[in-house]
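Engineer: Before anything else, here's the structure in question.
The values are calculated or read from the model by the stated rules, or taken from the named source; none is laboratory data. For clarity, every value in this text was computed on a predicted model and none was experimentally measured. Cβ sites come from the backbone with ideal geometry, for glycine too, and all protein chains shown count toward neighbours.
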Amino acid sequence: MTEPSPSSAAPHARATVSPATAYLFITATVFFWSIGIVIGRGVHGTIPPVGLSFWRWFIAAMMLLPFVWKDVVRCAPLIKQSFGMLSLQGALLLTSSTLLFVAVNFTTAINAALLNATQPTMTALMVWIVVREKMGMVQVFGIIAAMAGVLTMVSGADWRVVAGLDFNIGDLLVVLATVGYAIYAINLRKIPGQLGVPTALFVILSLGSFLILPFYVGETIFIRAVPFDETLFMSVFVLSLFTSVFALLMWNAGNHAVGPNRAAIFLNAMPVFSSALAIVFLGEQLYFYHFIGAVLVAVGILLVVRK
């Protein structure tokens, strides 16, 4: 059995779900990730970032194990042949997630949101560089409209906030995380379709957890240990099941079906979901600029996915 090339694996994966289902999956994924933001903001001062990231992904892998272990055994030769790519995906995913948890200790929410908003553009740029996939002017305008919506919401429609940003180490970490997520999305096409999404995800999370384990140990010894209390257990459970397992299964399937360019634009809806969740659970207020930003994001998504 030989490892399929990216061109042969992608059509197999793309046929798994329809575009309509893929867009539903991607939207649900962004919503789950927005829930993760609310949780992360609430516990980042009490749970160290590397430890939170490790337990989140390790528990997510263990949740998948009962459902995929037979396929893991059956596909062992293919997993061995694809070990390098699967390890790279694990490193990209878990490192990027950990960098975001670390970044919120050094940068403001506005800076982090603005930098995360560049991910669709970063993904489109890297797709163009790596796989030479063309993007029409309509899609370009869609990305611009969506980013304008994000900027409107995270700046409160005050462009002096945007002009006066002072980037620090936290901002640089967010940029690195954004690049990592973009490369992860592009590389999904290179994973053999015969593995199946759940099996590939289990292997990716297991390898990624192993790769960040030394950093977790170092954090425990030299900085601070993870407090094994009720807050940790509840946070890890929700992060593992909803923002990791469910979200990534749907995200990977959606990426395969519609491509990383169109999937990435939906990340601009995260400020919409995050604002709604913050209003409900954190008591924050809704302003007119939220509506303006939401409309721009919706227009951007429609332009990108219209073909």
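Engineer: Being in contact (Cβ under 8 Å) with a residue 40 or more places away in the chain, hydrophobic (A, V, I, L, M, F, W, C) and outside any helix (DSSP H, G or I) narrows it down to one residue among V226, V295; which is it? Even if it seems obvious, please write down each step before you answer.
Structural biologist: Numbers: V295 fails: outside any helix (DSSP H, G or I).
None of the other options fit; the residue is V226.
Engineer: Can you run down the residue pairs with Cβ atoms below 8 Å, 6 or more apart or on separate chains, where the first is in the stretch 37-50 and outside any helix (DSSP H, G or I) and the partner is crowded, with 16+ Cβ neighbours inside 10 Å and of a type in the set (S, T, N, Q)?
Structural biologist: What qualifies is I47/S235.
Engineer: If you don't mind, there's one more thing I want to ask. Yes or no: the stretch 253-268 includes at least one residue that is assigned to a helix (DSSP H, G or I) and farther than 24 Å from K190 by Cα.
Structural biologist: Taking every residue of the stretch 253-268 in turn, at least one turns out to be assigned to a helix (DSSP H, G or I) and farther than 24 Å from K190 by Cα.
Engineer: Could you check the stretch 16-30 and list, in sequence order, the residues that are small (G, A, S) and in contact with a helix residue (DSSP H, G or I) (Cβ under 9 Å, 6 or more places away or on another chain)? Can you show your working first?
Structural biologist: We begin by selecting, within the stretch 16-30, every residue small (G, A, S); these are 18, 20, 22, 28.
Matches in the stretch 16-30: S18, A22, A28.
Listed here are the residues, each with its yes/no results for (1) touching a helix residue (DSSP H, G or I) at 6+ places or on another chain (Cβ under 6 Å); (2) among the hydroxyl-bearing types (S, T, Y); (3) surrounded by 14 or more Cβ atoms within 10 Å (Cβ to Cβ); (4) at pLDDT below 70.
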site: I110; (1), (2), (3), (4): yes, no, yes, yes
site: Q119; (1), (2), (3), (4): yes, no, yes, no
site: M126; (1), (2), (3), (4): yes, no, yes, no
site: K134; (1), (2), (3), (4): no, no, no, no
site: M137; (1), (2), (3), (4): no, no, no, no
site: G142; (1), (2), (3), (4): yes, no, yes, no
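Engineer: Might you let me know whether the stretch 214-222 holds any residue that is surrounded by fewer than 22 Cβ atoms within 10 Å (Cβ to Cβ), assigned to a helix (DSSP H, G or I), of a type in the set (V, I, T) and without any contact (Cβ under 8 Å) to a residue 40 or more places away in the chain?
Structural biologist: Looking for residues that are surrounded by fewer than 22 Cβ atoms within 10 Å (Cβ to Cβ), assigned to a helix (DSSP H, G or I), of a type in the set (V, I, T) and without any contact (Cβ under 8 Å) to a residue 40 or more places away in the chain, one finds at least one in the stretch 214-222, hence yes.
Engineer: Within the stretch 177-220, can you find the residues that are over 18 Å from the mean Cα position of the chain (by Cα) and aromatic (F, W, Y)?
Structural biologist: Hits for the stretch 177-220 are F210, F215, Y216.
Engineer: While we're on this one: From A247, A257, A264, grab the single residue that is at pLDDT below 90, closer than 16 Å to F31 by Cα and not aromatic (F, W, Y).
Structural biologist: Matching residue, one of A247, A257, A264: A264.
Engineer: Among the residues of the stretch 152-168, is any within 19 Å of V304 (Cβ to Cβ) and at pLDDT below 80?
Structural biologist: Within the stretch 152-168 (the criterion being within 19 Å of V304 (Cβ to Cβ) and at pLDDT below 80), the answer is yes, since at least one residue qualifies.
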